[in-house]
Each structure stands twice: as C-alpha cells, then as structure tokens.
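First up is the structure itself, then whatever we jot down about it.
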Amino acid sequence: MRRTSFASSPSRRPRGRALVVGLSIVTVLCWWLWPEEDPVTPELSARTPPSTQEKPRGESKPQSLKRSPEPEIAKVMPAPDDPLAPDRRKLGALRKGGDADALRRQLSSLALHPRAMLKDREAWLKEADKLNARLVWSATPGPGFTTVKVEPSDSYWEIARRMNAERGTHVTAGMLEAINKVRPNKLRLGQSLKVPTEKVSLLVDKSSCEIYVLLGGVYVKRFPVGIGKDSSTPEGTFTVQGKTAKPVWTDPKTGRRYAYGEKGHLIGSRWLGFYKDGGPTGYGTHGTIDPETIGQAVSEGCIRLVNSDVEELYELVLEGASVRVRR
C-alpha cells in the first residue's frame, strides 16, 4: 500500500499557506496599532520636563499656551503726588492772564518750595528775575510798594527809618537807592520815591548754594554762596546783627586777630553776623579771598560770597532782618 505525505498533498498545501499569511497580517496589524512604549526610563522621565518628553503616537500636539501680559506698572503703582501741581497750574493761567505781579509771586512760590527740582528752580528764578527788574528794581509803582514825597532835610536813610518805624519793614537806604535809581545827592524836595511796604528777609538754600533776598517772603534777588564743609553751616532761623565793613577777623583755630587788609585776613570786606536768642552764634555771611570756592562746601561753617556780592547784600539788608538757613 502506498503512503501519501501531508507535504505533498494538494489539499493540505493551500490551507497551510493561508494560515501563515494570516498570522503575518495579524502580527503587522498588532505592531502598527499597539502604542509605542516610552523608551525613557521611569527615573529619567520623572526628572524630564513634560514638554521635552516624546508624546505617544496618534496624540494631537497641544496648542502653545499664550503668556498673559504683564500688568502695567503705572496701573498697579499710582504716580507719587506732585506737591507743586496746583501751583504749576496757577502758573500757566497767570502767564495767559497778564497779571505780572501775581506771576512773579507765583514763580517765587514754586522756586522757593523745598521740594522743587534744581533745574525747575533755575528756570523759574530766571523768569522771576526779568519780572523783578521791571516791577521791583525800578521806580514803577506796584503792589507791595508805596509812594513817598521827599520832605525838607530828607535822605534815603531818613525815609527808610520812618518806614521801618511805621511798618517794621527793615528797608535800607541802599535798597531805596537801588529801586529808584537816583543818587542820594540828586534827591529833590517833593520828588516821588517808590518805597517797599513789605518786610525784607533772607533765605539761604544749602542745596543750591544760593542766598535769596525776599520782600514779603517773595524772591527779588539772589547771590551764589559757599557753605560749610561736612554740613557745618547751621540750619534754622537767625537774626542779622553785627554788620561790619572792613571787619577784623579772629582765627578760630589760633585766636589771633587780623585787621582788614592784613596778610592772613580771610573774610573779605563785609561781615553780617547771625544771632540767635539774642546772642552771636559765631556764624555769619562774609566775603572771601578765594572766589573759586563759591558754590562749594569748604568753609568752617560761615556763608561766603565774593566781595562785590557781599558789599551789595550789605547795602540791602538791615540789622534785625530775619535769615533762615535750610538744607
């Protein structure tokens, strides 16, 4: 009897091939559809930011998150209050309104404010200087002044004395001459003179190294000064006393006295002492032999001016006038 092999059997051969092909197709489909495992080890994956890890196949790419805008600082933090804002607004209105005297007073208020910026102060003072030249340092009548007729035997000194006795203005003969532009020997009977009715005082501002002459608290003139080193110039309110021309100077370190003009004399041609509580403080305003030190803090505490300026200041300020020194 003849044996027949399964391998050579025509009925068995197609069925075996179909089985092999089917298994191959299933294997391919399983490989294609089964999600890939993350090749990164668990330990490394835990330390890796999610944005850098490989995303599973078929998962849609997430949209990038939009960063919320930073809040504007101006909206979060309000702008600091400007203490000069009301005065600035008044200044603009006065420039349009045409009241020159009110404008110069407003400029003074802004410029002398302790929180005024030095750049702004300089601009306001320059504008005020132009108005003061026309309204203060001239014979033009205006607010804060009166008109006086020259009487027999009158002089600037006598007119100033009468006005100071009546109103306590601390006006000097030198200020009357500077305002009216008439030499003392040219005064004539019945002549009209412009005389201040407001009090004269001084303000020393250490931050700008300037001394201001005030009428009724309003700025009318200024001079550059030098001040004490290491904040040695005292601050506060004092009285001008001991006005001296060609003063004798005593060296505070050695006690030696120097006559004016003598070698070693350092305080120039004029001295205006500062008194407090009725007595001298040892400080004051004076000239200097070192004009290059003006605008600097190099003195032992006194306030120094060039000689020409201290001589002019000397003629404008009467003993008893108030002087305030501020930082």
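Please treat every number below as a calculation from the coordinates, not as lab data. Just so it is clear, the model here is predicted, and its values are computed rather than measured. For neighbour counting, all protein chains shown are included, and Cβ atoms are generated from backbone atoms with ideal geometry for every residue, glycine included.
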Practice problem: Give, as a single signed number, the net charge of other residues whose beta carbon lies under 15 Å from the beta carbon of SER138, with Lys and Arg counted +1 and Asp and Glu -1. | Solution: +3
Quiz item: Which lysines does LYS276 reach when only Cα atoms under 22 Å apart count, and residues fewer than 8 places away in its own chain are ignored?
Solution: LYS199, LYS206, LYS229, LYS243
Practice problem: Quickly work out the GLU166-to-LYS130 label distance, labels modelled 7 Å from Cα along the C-beta direction, and quote it in nm with one decimal. | Solution: 3.5 nm
Practice problem: Mind jotting down the distance between the C-alpha centroids of the stretch 155-193 and the stretch 296-312, whole Å? | Solution: 28 Å
Quiz item: In the structure shown, do any of LYS90/LYS119; LYS90/LYS130; LYS149/LYS221 have a Cα-Cα gap over 22 Å, and if so which?
Solution: LYS149/LYS221
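In a shell of Cβ-Cβ distance under 12 Å around VAL218, excluding VAL218 itself, what net charge do Lys and Arg (+1) and Asp and Glu (-1) give? Provide the component values of the computation, followed by the final result.
Values: positive: ARG104, ARG105, LYS199, LYS221; negative: ASP101, GLU198.
Net of charged neighbours comes to +2.
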Quiz item: At what distance in nm do the modelled label points of LYS119 and GLU262 sit from each other, each positioned 7 Å from its Cα along Cα→Cβ?
Solution: 5.0 nm
Quiz item: At what distance in nm do the modelled label points of THR237 and THR293 sit from each other, each positioned 7 Å from its Cα along Cα→Cβ?
Solution: 3.0 nm
Self-check item: Cα point-scatterer Debye curve for the stretch 85-196, base-10 log of I(q)/I(0) at q = 0.13, 0.17, 0.21 Å⁻¹
Solution: -0.60, -0.85, -1.05
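Let me make sure I get this right: for the stretch 181-259, a, b and c are the square roots of the gyration tensor eigenvalues over alpha carbons, sorted descending. Under 1.5 in a/c it's rounded, otherwise prolate if a/b > b/c, else oblate. Which is it? Walk me through the numbers before you get to the answer.
Numbers: a/c = 3.00, a/b = 1.56, b/c = 1.93.
Oblate, because a/c is 1.5 or more while a/b does not exceed b/c.
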Quiz item: Can you give the FRET efficiency for GLU158 and TRP137, using 1/(1 + (r/R0)^6), R0 = 25 Å, r = Cβ-Cβ distance, to the nearest 0.05?
Solution: 0.70
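Rank-order 209-221, 182-194 by packing density, defined as the average count of other C-beta atoms within 10 Å over each peptide's residues, highest first.
Details: 209-221: 20.3, 182-194: 12.2.
Result, highest mean Cβ count within 10 Å first: 209-221, 182-194.
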Quiz item: Picking from THR146, ASN164, ALA102, whose Cα lies most toward the positive end of the charge dipole for the stretch 85-196 (charges on Cβ: Lys, Arg +1; Asp, Glu -1)?
Solution: ALA102
